[in-house]
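Novice: There's a structure below that I have some questions on.
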Ligand code: NGQ
Ligand code: ZN
């Protein structure tokens with residue numbers, strides 16, 4: 001990773017679009033300096049407009065291998081009544097067969113696809129820890145290391161969030177057979193966190209956080225132990241949790257505690273900007289206001305939420321309250337930041353029968369992009385995604401990682417567009433991927449639409465799919 005510089009005729013900086021921007025790279029893959037109105041000198045010239053790469057704040061990598069395999073109804077009794085819960089059963093069946101090298105191969109292919117579509121970092125919500133019988137591997141971190149290996153082989157930035165999964169439902173219900181590969185008690189879980197922090201904690205491409213799976217899978221005691229254990233080692237590491245995704249989860253939580261999931265969490269944990277509440281689909285108006293006020297990031301995954309039949313996140317109210325959000329591809333039914341952002345807005349248009357609904361506001365209530373919805377969504381998702389990743393991302397500014405996306409200046413749909421109109425066109429009409437080049441930590445990984453390791457990665461993925469699906 002050499003020092004160097006990239007010159008962009010047009011680049012999206014934190015303060016807005018700028019021309020003739022010289023981006024100087026530092027020795028650790030960070031941005032050392034940014035100068036607008038500069039001369040290119042000996043810098044490499046970016047082929048097109050440069051924007052910050054998008055952090056993907058929610059991923060279960062292995063689920064990419066089952067994309068499209070659950071879109072048919074069964075023939076058994078109850079068929080035709082498919083839901084999140086019947087999908088989950090199929091997913092558990094798939095999990096039962098996965099070997100470590102297959103998980104690495106699937107994650108590698110997924111991360112190549114993420115990079116090619118403009119995601120430059122991923123937060124991996126990783127819960128597949130143990131062997132098919134539920135016994136820990138010789139290395140407790142075996143499966144986590146497979147995710148790390150895939151990130152290293154492809155170059156994507158990684159926030160690894162080992163999942164604490166200890167119960168099968170609210171009130172510490174015993175876990176089922178299908179969940180046995182996920183299970184740890186807080187003590188063994190914190191041992192895993194310590195191992196991973198020791199091995200990877202100093203790598204600027206990696207941050208270790210935690211993810212209590214959900215209020216269904218982590219009891220209040222487990223949650224307390226995990227949060228306290230992490231905070232003793234790292235006071236600002238990210239904490240992610242699935243919450244209020246399905247109405248049944250809300251009903252079960254009410255029956256168990258008398259409170260709704262988001263309400264319960266805000267009352268019992270010190271939720272702040274280092275937390276990411278994934279989905280948070282089902283909230284009352286007062287929960288929506290309280291979540292926004294907490295500073296936590298809402299982890300929105302519109303294509304998966306649509307695919308699984310979750311419901312609509314109250315985005316208009318949450319944005320009006322200056323709530324923070326980022327986007328994730330979750331089950332990877334789609335691997336495209338464009339699709340996530342577009343469906344976030346389209347969901348609201350279909351519900352409200354209005355246009356240009358989601359304009360995130362700044363402190364004074366003004367949106368920061370003069371009313372450009374696509375541009376506003378892209379910028380807000382950069383900010384929220386960076387917070388959720390717990391890494392210096394999402395800004396072309398000194399100190400941030402040099403994670404850059406160069407758009408194709410020859411993409412027909414971008415012709416004649418610049419600035420925020422360019423981002424609007426990208427978000428609402430970018431069906432043919434207009435990402436040309438991608439840099440992560442200053443290193444070029446995608447060149448003219450091709451990832452530098454895509455052939456080897458695909459060969460391994462092909463082998464894994466053959467073994468899994470034949
Ligand atoms: C997951 N997926 O952890 O993969 C979950 C399903 C559960 C989403 N929530 C399992 N989208 O929630 O119990
Ligand atoms: Zn998830």
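Novice: Using mean Cβ contacts within 10 Å as the protection proxy, how do 350-357, 134-141, 159-166, 261-268 order, highest first?
Specialist: 159-166, 261-268, 134-141, 350-357
Novice: Using the Kirkwood radius over C-alpha pairs as Rh, can you work out the diffusion coefficient of region 312-448 via Stokes-Einstein at 37 °C, viscosity 0.692 mPa s, in µm² per second?
Specialist: It diffuses with D of about 207 µm²/s by this estimate.
Novice: Between residue 44 and residue 94, how many nm apart are label points set 7 Å from Cα along the C-beta direction?
Specialist: Going by the 7 Å Cα→Cβ label model, 3.5 nm.
Novice: Just rank 288, 421, 154, 75, fewest to most, by other beta-carbon atoms within 10 angstrom.
Specialist: Working: 288 22, 421 14, 154 25, 75 7.
Ranking 288, 421, 154, 75 by Cβ neighbours within 10 Å, fewest first, gives 75, 421, 288, 154.
Novice: Can you pull the three principal axis extents for the Cα set of the chain, in Å, largest first?
Specialist: 64, 49, 48
Novice: Follow-up question, since we're still on this one. Order of 54, 465 from fewest to most other C-beta atoms within 10 Å?
Specialist: 465, 54
Novice: Please give the peptides 436-447, 107-118 ranked by average Cβ packing (other Cβ atoms within 10 Å per residue), highest first, as a rough proxy for protection. All intermediate terms of the calculation are to be shown ahead of the outcome.
Specialist: Values: 436-447: 21.7, 107-118: 26.2.
Most protected by this proxy first, the peptides run 107-118, 436-447.
Novice: Quick one: go through region 390-424 and flag any residue whose amide nitrogen is under 18 Å from the point 7 Å out along the Cα-to-Cβ line of residue 15.
Specialist: Residues 395-400, 419-420 fall inside that zone.
Novice: What is the gain in length, in nm to one decimal, between residue 293 and residue 101 on full extension, counting 0.36 nm per residue of separation less the C-alpha to C-alpha distance? Write down the numbers at each step before the final one.
Specialist: Details: separation 192, 0.36 × 192 = 69.12 nm, distance 4.27 nm.
Additional length available on full extension: 64.9 nm.
Novice: Short version: what are the Cα gyration tensor semi-axes of region 88-216, square root of 5 times each eigenvalue, largest first, in whole Å?
Specialist: For region 88-216, the ellipsoid semi-axes come out as 24, 17, 14 Å.
Novice: Place the peptides 373-381, 90-98, 192-200 in order of packing, highest mean first, counting for every residue the other Cβ atoms within 10 Å and averaging per peptide.
Specialist: With the highest mean Cβ count within 10 Å placed first, the list reads 373-381, 192-200, 90-98.
Novice: Also: How many Å³ per residue does the convex hull of the Cα positions in region 49-92 occupy?
Specialist: 124 Å³
Novice: A follow-up question, please. Output the 0 to 90 degree angle, nearest 10, between the alpha-carbon long axis of helix 285-294 and the longest principal axis computed from the alpha carbons of the chain.
Specialist: 60 degrees
Novice: Evaluate E = 1/(1 + (r/R0)^6) for residue 267 and residue 321, where r is the Cβ-Cβ distance and R0 equals 25 Å; express this FRET efficiency to the nearest 0.05. Please report the intermediate quantities before stating the final value.
Specialist: Values: r = 18 Å, r/R0 = 0.74.
Plugging the Cβ-Cβ distance into 1/(1 + (r/R0)^6) gives 0.85.
Novice: For residue 149 and residue 421, what is the calculated FRET efficiency with R₀ set at 51 Å and r taken between the beta-carbons, to the nearest 0.05?
Specialist: Once rounded, the FRET efficiency stands at 0.80.
Novice: What's the center-to-center distance, using Cα atoms, between region 368-405 and region 127-197 in Å?
Specialist: Region 368-405 and region 127-197 have Cα centres separated by 29 Å.
Novice: Could you tell me what percent of the DSSP beta bridges with both partners in the chain are antiparallel, to the nearest 5?
Specialist: Numbers: 28 of 61 bridges.
Restricted to the chain, the bridges split so that about 45 percent are antiparallel.
Novice: Suppose only helical runs count, i.e. DSSP H with n ≥ 4. What mean residue ellipticity at 222 nm does that imply for the chain under -39500 (n - 2.57) per run, divided by all residues and rounded to the nearest 500 deg cm²/dmol?
Specialist: -11500 deg cm²/dmol
Novice: In region 1-21, which residues have a backbone nitrogen under 12 Å from the label point lying 7 Å from residue 36's Cα in the Cα-to-Cβ direction?
Specialist: In region 1-21, the label zone of residue 36 (backbone N under 12 Å from the point 7 Å along Cα→Cβ) covers 10-21.
Novice: Mind sorting 275, 343, 85 by how few other Cβ atoms lie within 10 Å of their own Cβ, fewest first?
Specialist: Details: 275 24, 343 19, 85 11.
Ranking 275, 343, 85 by Cβ neighbours within 10 Å, fewest first, gives 85, 343, 275.
Quick note: the coordinates plus some simple rules give every number you see, no bench work behind them. The structure displayed is predicted, hence computed values, not measured ones. Heads up, the Cβs are rebuilt from the backbone with ideal geometry, glycines too, and the neighbour counts pull from every protein chain shown.
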